[in-house]
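The values are calculated or read from the model by the stated rules, or taken from the named source; none is laboratory data. For clarity, every value in this text was computed on a predicted model and none was experimentally measured. A quick note on method: Cβ atoms are made from the backbone with ideal geometry, for glycine too, and the neighbour counts reach across all protein chains shown. Heads up: the accessible areas ignore ligands, DNA and RNA and are worked out on the full protein's heavy atoms, side chains in. Shrake-Rupley method; radii C 1.70, N 1.55, O 1.52, S 1.80 Å.
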Amino acid sequence: MTAVAAVAAATVGAVALPASAADHHPGRHHRDSVYISSVRYDAPGRDDRSNRALNREWVDITNDSRRPINLSGWTLSDRDGHTYTFRHYRLAGRATVRVHTGYGHDTRTDLFQDRNRSVWDRNDTATLRNGYGRFVDDASWGRGDRDDRDHRDHHGDRDHRDRDHRDRR
């Protein structure tokens, strides 16, 4: 092999390696595309602890990639350790699922934790982990946040997500 051919082969190999490595890196795709997009922790209306009131408390999980993501085994938890585990659920590409606190029938767009008490406090953190227990995303709100940069308004239907928060991980 001539020196020119060897340099050309090394250059092609070096250019191809990063694309190949990125395609086969497990877990990387999830951090970049699945995130907590919205939280309603203090539902409007009377808090009478009814199932209807509990289901007005929710967390939205969004997949902004084109590919569906299997969330089976993933968890959503609060600071107190209340944990919801996703069972047999695939989040479509470019889709959002709303995880309600109360009881209900799971659909493609709405899942239910089947709890009879509120989970999300006025000062709390929602943490999303993949099926291997690895951190995917979190969202914090209320007074006394550990990191003021993470404090975002999660009340209501507004999509609050800022890409700088996701990209800093």
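Structure notes:
- Counted residues, region 50-74 - those being in a strand (DSSP E or B) and open to solvent by less than 30 Å² (accessible area, probe 1.4 Å): 7
- Check on residue 131, out of contact with any strand residue (DSSP E or B) (no Cβ under 9 Å at 6 or more places or on another chain), open to solvent by less than 70 Å² (accessible area, probe 1.4 Å) and part of a loop (DSSP other than H, G, I, E, B): no
- Checked against the criterion of being farther than 24 Å from residue 134 by Cα, small (Gly, Ala, Ser) and out of contact with any His (no Cβ under 7 Å at 6 or more places or on another chain), region 69-78 has no qualifying residue.
- Test: residue in region 142-152 that is surrounded by 12 or more Cβ atoms within 10 Å (Cβ to Cβ) and either touching a Lys or Arg at 6+ places or on another chain (Cβ under 6 Å) or modelled with pLDDT of 95 or more (or both): yes
- Long-range neighbours under 6 Å by Cβ, at least six apart or interchain, first residue at positive phi within region 60-81, second modelled with pLDDT of 95 or more: 73/131
- Options 78, 42, 47, 32: the member that is surrounded by 10 or more Cβ atoms within 10 Å (Cβ to Cβ), at pLDDT 50 or above and either touching a helix residue (DSSP H, G or I) at 6+ places or on another chain (Cβ under 6 Å) or under 14 Å from residue 112 (Cα atoms) (or both): 47
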